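Here the structure is laid out as structure tokens; the discussion comes afterwards.
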């Protein structure tokens, strides 16, 4: 098998790991105020992902970096084509990081609540954007092949006729660009995809919370997870069938599709309070996400970006990929490093395997906003002592 | 109309966007690199000696590290995505080489930092003391490795090695698997990496020393007997520790900067000629303290100079008062000749003589001076602080305390000017031509890209403008909170953690909470 195809699969794997891991972080974020009725319970919810969310997010950076390295033309077309959507996602990711890290730095309920709301908005927004983006991969985007030329010291793009694309590839003077504008990214199908991914993350997060908490937080998580996982099955079924029937050129896309469907159904079954096996629910939910990502990538194959304007404008794997030497270097690096990363990641989950309860939350994390310690009244600020 | 067309020039906007993101990100990064190492050393001293002062120091600076780390990570993601978002033509052209260091940075460094930082924060009392100490060391190693890989990518933009231009694909490609080795042995990388790391230590040393000097002088002056005790037992050792880092970091920063500069004279003569405002090739070139205006492309004239020191620019560049230094005009001429001899350049860009290869004169000249000038604050702080503490003295000087605090932002600004100099001085190139390869006719001779050719063409300028404004506003808001939180934690001092006046049982809980960093 060509290295470029192996890397196409590896990129799909990186996205899978990212969505499985950060997927429950987002779900937990969405549910902070649903499962946490008191300040301590909300802290419990955030604490479940406390030691892990940052490492989980690195899978996004790795997926992005690997796309850049292994498929620079894919990276360039996709990231410039989805400009505003990615910008919005970056803003949400930025504020989410500060919301988690800074929420307990001050001993003030208003401060903590404000950051929790920021966290919640980001936790809804990012999966929504990711869902719209993945649906655009499936559906195809308004992409055209263009010829970049330098005229009077600046860059000019001219669209290449579909019939001339092979010739342009032969002399290397070609770039694939989204020409449909920002709003071309939104169609009923892509919006449904956004909501589906949001639902998947919420159910996944509820199952994770049920697995990692005790007491009332756990009870509420089980309840939310039971409903959310059923809704997820329904939404995912419509989205995936629509995508497979309307847009997928590959019949073998049915294989990951069926795996995803079975797994999500099993997750929903195990999530029901009567059965209540949150560990199994979580595992099958993860398998469901993996199946769905695999399905998305089968609908693109053998392209990395599908053009909805003309098939000739689709960006093929073979053209989008880096050269053999780069892919060899990348493969060696991945084979050496990924196992090490996995080992210490798993170890960190093992270290924090205990369920989080209200008792394990510090009574007063953070410092008072404007209190100054006794005997230090030479400082500016209030001193009630 | 001219202003409007500039305001909506996608290249100008893209450059501003990248500049704002980079400078902002790099205000946070040096402190993360240096402080993770400093905290690791503090915790090691506590581990070895059992001295409570160093546990207090670990906790105090550990919290500042965490506040800082969050924003550093957040702005770092933007950095990676921006190559594809705003600079898609650049990404297409160089992705075969440039993407790999970024991917390795994530795999080798980011995972290490973020996973083990999580373990460090929440692992107090949960994993063995030794293992816990190891986690912070792994964070420190991770941040340093991170710098290594991102600087591998940046050094390649300054001096592309290990790459060939392939006319059949129109891209720069890795020169075989061995080309990757060339990236890591790029002569620019060695001095860039050591310079960046040592300047991160210098900044962190100033940060630690500045804060602890302020506390030491205050406590000793206004804190009564207990204050003097605290100043002696806690703040004096930490100050000495911070000033030690300043001295080591400062010497290394100056040394590596010197060699980096000498190398730039060889590899990027245009950048250094602009930085020294040398217009024509000169024997025994003078060092100019201040200059206004820019060198003309041909003929006489040039900037107005204030205070020149004969021969010193040559001495710094080539270790000789009388050596000949290439001026801006010579560098332009050299580039035109070399590029016109390169068929790939002519085929793509046309006649090189139509281009102006001078970087913006004033930003390059002044950022170079401000970068070096700001380091003087750290030097003065070290001299003043060490003198005031000689023979076990506890200084109480209000001025010294204030100077310690003032030095901190000044050093951060200095690091930003360093990056402004590096990146502005490379213009109008996004990938600077490898002059050595061109002179020798090496395969890498045709790898270069002008900045204007790297921009995303599918992103309307208006969108870049909107995102530029929104990013700047967001960064400003988060920056204010960051400064405010850091200041609040600095003011909290070292003994008062988590003990509010309303905590009647504060002392009982103290032991349980003492080590808590969590949410």
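List of remarks:
- Criterion: in contact with a strand residue (DSSP E or B) (Cβ under 9 Å, 6 or more places away or on another chain) and within 7 Å of another protein chain (Cβ to nearest Cβ) - qualifying residue of B:95, B:118, B:99: B:95
- One residue stands out among those in the range A:79-99 that are in a helix (DSSP H, G or I) and more than 7 Å from chain B (Cβ to nearest Cβ): the one that is farthest from the chain's Cα centre (by Cα), which is A:99.
- Hey, residue B:161 crowded, with 23+ Cβ neighbours inside 10 Å, more than 10 Å from chain A (Cβ to nearest Cβ) and under 25 Å from residue B:251 (Cα atoms) or not: no
- Positions within the range A:9-42 being touching a strand residue (DSSP E or B) at 6+ places or on another chain (Cβ under 9 Å) and buried (at least 23 other Cβ atoms within 10 Å of the Cβ), in sequence order: A:35
- Evaluation of residue A:354 against (1) over 13 Å from residue A:71 (Cα atoms); (2) within 10 Å of chain B (Cβ to nearest Cβ); (3) not in a loop (DSSP other than H, G, I, E, B) (one fails), failing number: (3)
- Among the residues of this structure, residue A:262 counts as one that is over 17 Å from residue A:205 (Cβ atoms), modelled with pLDDT of 90 or more and over 21 Å from the mean Cα position of the chain (by Cα).
- Looking across the range B:81-92, the residues that are more than 18 Å from residue A:326 (Cα to Cα), within 7 Å of chain A (Cβ to nearest Cβ) and in contact with a strand residue (DSSP E or B) (Cβ under 8 Å, 6 or more places away or on another chain) come down to B:88, B:89.
- Every residue from the range B:167-201 that is assigned to a helix (DSSP H, G or I), surrounded by fewer than 20 Cβ atoms within 10 Å (Cβ to Cβ) and at the interface with another protein chain (Cβ under 10 Å from one of its Cβ atoms): B:178, B:181
- Of the residues screened, residue A:319 is one that is in a helix (DSSP H, G or I), touching a residue at least 24 places away in the same chain (Cβ under 8 Å), within 13 Å of chain B (Cβ to nearest Cβ) and surrounded by fewer than 22 Cβ atoms within 10 Å (Cβ to Cβ).
- Test: residue in the range B:202-215 that is part of a loop (DSSP other than H, G, I, E, B), buried (at least 24 other Cβ atoms within 10 Å of the Cβ) and more than 21 Å from the chain's Cα centre (by Cα): no
- Checked against the criterion of being within 16 Å of residue B:463 (Cα to Cα), modelled with pLDDT of 90 or more and assigned to a helix (DSSP H, G or I), the candidates B:84, B:14, B:62 yield just one match: B:84.
- Residue match in the range B:272-284 (condition: surrounded by fewer than 17 Cβ atoms within 10 Å (Cβ to Cβ) and touching a strand residue (DSSP E or B) at 6+ places or on another chain (Cβ under 6 Å)): yes
The values are calculated or read from the model by the stated rules, or taken from the named source; none is laboratory data. Note that the structure is a prediction, hence the values are computed from the model and not measured. Backbone-built Cβ (ideal geometry, glycine too); neighbour counts: all protein chains shown.
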